[in-house]
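Working notes, structure below.
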Amino acid sequence: SSSDARSATAALGFRPKHVTQDMVDQIHTMFPDIPTDNIRFDLLRTGSVELTSNKILERGFLEPPPPAYFTLYPQPDGQTNAQRRPPTTRQNPTPASTTARPPSLIERYHLAQDVTEESNASDPALADAGGKAKWEDTPEKREASLRERKAQMVLAARQ
């Protein structure tokens, strides 16, 4: 066993810490897009779920393990492929949604008519977009007032 530890230290360049599957699963649950081999390799280095989690939060990724890692810690072919597929299936809808342009604020607040009117004449109400609003009596009136102030701010931001 001590010769195994020495060979692992020589192959990896550091003395590997004890890593449980629970530690790997805990990080993989928090960061499903990070490959489990990358997680296990970093845990072998740090020995700490917290340090590995912080590294992912700071960098956004973990370095892939060197080829020597795979000789010391072989993964069954089916398990490795199955673990790498779910993130890609989750990410497939994302590119499709990024190609669909999110609605602009003008579209979102239905201000297209106000924009065309603004281009014809300067609206004095836009100058007071950041002013104080009167407290309305009913919740419905307050909501309408809030919607109107939002619209004024969106239009004022276009100038």
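What follows is calculated from the coordinates using simple rules that are stated; it is not laboratory data. Keep in mind the model is a prediction, meaning the values are calculated, not measured. Every residue, glycine among them, receives a Cβ derived from its backbone with ideal geometry; neighbour counts consider all protein chains shown.
Numerical summary
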| item | result |
| --- | --- |
| Relative packing of 58-66, 30-38, which averages over residues the other C-beta atoms within 10 Å, highest first | 30-38, 58-66 |
| Additional length obtainable on full extension of the chain from residue 48 to residue 147, 0.36 nm per residue less Cα span | 30.7 nm |
| Nearby lysines by direct alpha-carbon distance to residue 132 (threshold 23 angstrom, same-chain neighbours under 8 apart not counted) | 141, 150 |
| Cross-link reach list, lysines versus residue 17, counting only Cα pairs under 19 Å and skipping chain neighbours closer than eight places | 55 |
| Residues in the range 45-77 reached by a label modelled at residue 10 [backbone nitrogen below 19 Å; 7 Å Cα→Cβ] | 66-74 |
